[in-house]
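We did not get these values from a lab; they are worked out from the coordinates using the rules stated. Since the model is a prediction, treat every value here as computed from it, not as a measurement. Virtual Cβ from ideal backbone geometry, glycine too; neighbours counted across all protein chains shown.
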Amino acid sequence: MLAHIDGDSFFASIEQSVKPHLKGKPVVTGKERNIVAAASIEAKKLGITRGVTLWDAKKMCPELVVLPTDYETVSLFSKRMYDIIRRYTPVVEEYSVDEAFADLSGLRRYHHASYEQIAAKIQNDIHAELGITVTLGIAPTKTLCKIATDKGKPAGLVSIHRSRIDDALVDVAIENVWNIGPATAALLRKFGMRTALQFKQRPEEHIQKLLTKPGMQTWQELNGMQTIGFEEEKTSYKSIGKSKTFTPPSNNKEFIFAQLMKNIENACMKARRYHQGAKSITIYLRTKEFRGHGMEGTVERVTAYPNELVDAVRTMFEHIWKPGYYRATGVFLANLQPLNPMQPTLFENPATLVKYTKLYGAIDELREHYGKHSVHLAASLPAQSFQHVSARGDMPIRRATTLKGETKRKRLPIPMLQVKLR
Amino acid sequence: MWPSPAEEELLDTISFDEWLIEPSTFIVKVQNNAMQDAGIFQDDIVIFRRGQKPKSGDIVIADVEGQWMMRYYQIEDSRPVLYPANGNYEAVRPEELAVIGVIRSVIRKY
């Protein structure tokens, strides 16, 4: 049996957990972006959902509490949620910041408990220790687990037994099945499959003709055959993307190029951490009107060193640059391959390569000690010193609080309760 | 190379992190001297364990009808009482009480 654990209104619930005076009140996060990124259960009841503009949300509920996203505290809670689940099983997939899959198979005797009881313990521990609720779905496959969780939202525990799969699927619309996109859903509806049950009951040959492998896997999963396995911790990536939005939008060419280079530095940093380098790089700019321009280029040799990319990026940037206001830049490193051993190209001085390897070895060490971007390219300087223009109170409280010995970049990895003690 | 006799001893150490940060611990900044006689002063950082059931004599963080306080927790006549460790504060015998956690350590950085 597998379990899917899903934090209820995760970001907003965390705010209510560290600021207990907000319990029971409608709370949303996303102030820094002017849209609702997460809504508490109380806010959802008023019709405020993810993606609504803050302006509209305030109209729906004038006493709405609007907070900036506190990524620091969210990631601490996320890690603790996984740690609690790992007390019960070693096989845990950190699916996203607020979701995990866990394999409970064969653990009933060890815990002297049924699967439902193990799940209830996980749920209780998370609630008692983190002050947030999670919904748990238990089923023989991941896809069925997701359906169980949907049924249990919020704070519920739903189990789909192998013998009761049909009952669970009868009222599930095909587009609400995990991994079924809008196009696939439309196709399946055309062939008379409106519910997950109708899809599940079609003969295998029929589905095989209609769908490719991932669709077939979903069909098998709904039929109780586990075909989607557990992903171990990532040791490599196929591609790495980094993008950043800046407020207000800017028309300063050097500043926008600097933003782009900073993304490249970030992406390269991540690639180096996994001992990977890129053979191909894509850059894109997003205008104020949300239109995007992009371009892809290849490099001669696999690299994860911004110095080697700066000229190529400059050329591509000049190519796609049009005067105007931009709100974001991004990069994609693709065609990733192992960085070591590196082979210089035919006409390259091998010493240059050795130099970069050493240089970035040192830069990565400095970063460990002094924080990200302690050493960076001159080209990204205008982006490094830039602070988002923001209204007062846009910074999460935890970020605005520096304890003795902490810096803006290096902080204690423990959540802080924000209450006024009498 | 001879193995160092200190090597096996080293295996039995824990880091300050492990020593202080137990599962489910949170921190909170102390904002008054209500617990000064217990050695907890304003601006100290207190580490508490969230969700832990309090015993008589524990120092707890509690919610008394929307007011948050850190006090000694005592059970008297099977009812909870919150005692300060400072003569200028009064004991509280709450009708309703929610204990959010139990204090585990106090940190004062000079």
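Assign one of three labels to region A:1-128, namely rounded, prolate or oblate, based on the Cα gyration tensor with a ≥ b ≥ c the square roots of its eigenvalues; rounded applies when a/c is under 1.5, prolate when it is not and a/b is larger than b/c, and oblate otherwise. The shape class here is prolate. Spatially, region A:357-371 and region A:97-143 are offset by 40 Å when compared through their Cα centroids. Here region A:240-384 is treated as a sphere whose radius is the Kirkwood value from Cα pairs; by Stokes-Einstein at 20 °C and 1.002 mPa s it diffuses with a coefficient of 138 µm²/s.
Helix content alone sets the calculated 222 nm mean residue ellipticity of the protein assembly as shown: runs of n ≥ 4 DSSP H residues at -39500 (n - 2.57) each, divided across all residues, give -9500 deg cm²/dmol.
Explain nothing, just the number: dipole magnitude of region B:25-107 about its Cα centre with +1 on each Lys and Arg Cβ and -1 on each Asp and Glu Cβ, in debye rounded to the nearest 20. Write down the numbers at each step before the final one.
Numbers: 9 positive and 11 negative charges, 82 e Å.
Approximately 400 debye in magnitude.
Charging the Cβ of each Asp and Glu at -1 and of each Lys and Arg at +1, and nothing else, the dipole of the protein assembly as shown about its Cα centre rounds to 1580 debye. Our summary gives region A:232-310 a relative contact order of 28 percent, counting only alpha carbon pairs under 8 angstrom and 6 or more residues apart.
Please state the relative contact order of chain B as a whole percent: Cα pairs under 8 Å, 6+ residues apart?
Working: 202 pairs, mean separation 29.4, N = 110.
After rounding, I find 27 percent.
Local charge for B:Trp68 was computed over the other residues whose Cβ lies under 15 Å away, with Lys and Arg +1 and Asp and Glu -1, and equals +4.
Would you mind getting me the FRET efficiency between A:Ile35 and A:Leu403? Use the beta-carbon distance for r and R0 = 35 Å, nearest 0.05.
Numbers: r = 31 Å, r/R0 = 0.89.
About 0.65, to the nearest 0.05.
Electrostatic bookkeeping for B:Asp43 treats Lys and Arg as +1 and Asp and Glu as -1; over the other residues with beta carbon under 12 Å from its beta carbon, the sum is +3.
Normalising by the residue count of chain A, find the relative contact order in percent from Cα pairs under 8 Å and 6+ residues apart. Present the calculation step by step, with values, prior to reporting the outcome.
Numbers: 695 pairs, mean separation 64.0, N = 422.
It rounds to 15 percent for chain A.
Please compute the length gained on full extension between A:Arg87 and A:Gln384, using 0.36 nm multiplied by the number of residues separating them and subtracting their Cα-Cα distance. Mind dumping the intermediate values first?
On the way: separation 297, 0.36 × 297 = 106.92 nm, distance 4.10 nm.
So the extension gain works out to 102.8 nm.
Each residue, A:Arg109 and A:Thr227, gets one label point 7 Å from its Cα in the Cβ direction; the gap between the two is 3.2 nm. Under 12 Å from a label point set 7 Å out along the Cα-to-Cβ vector of A:Val354, no amide N atom of region A:268-287 is found. Place a point 7 Å from the Cα of A:Tyr237 along the Cα-to-Cβ direction; which residues of region A:256-276 have their backbone N under 19 Å from it? Residues A:259-276 fall inside that zone.
Once you have a ≥ b ≥ c as the square roots of the Cα gyration tensor eigenvalues for region B:25-107, tell me rounded if a/c is under 1.5, and otherwise prolate or oblate according to whether a/b is larger than b/c.
Working: a/c = 1.65, a/b = 1.22, b/c = 1.34.
Judged from the Cα gyration tensor, region B:25-107 comes out oblate (a/c at least 1.5, b/c at or above a/b).
Based on the alpha-carbon gyration tensor of the protein assembly as shown and its eigenvalue square roots a ≥ b ≥ c, which shape applies: rounded if a/c is under 1.5, prolate if not and a/b is larger than b/c, or oblate?
Working: a/c = 1.58, a/b = 1.19, b/c = 1.33.
Here the protein assembly as shown falls in the oblate category.
Cross-link pairs exceeding 24 Å in C-alpha to C-alpha distance, out of A:Lys59/A:Lys288; A:Lys279/A:Lys358; A:Lys270/A:Lys355; A:Lys408/B:Lys29, comprise A:Lys59/A:Lys288.
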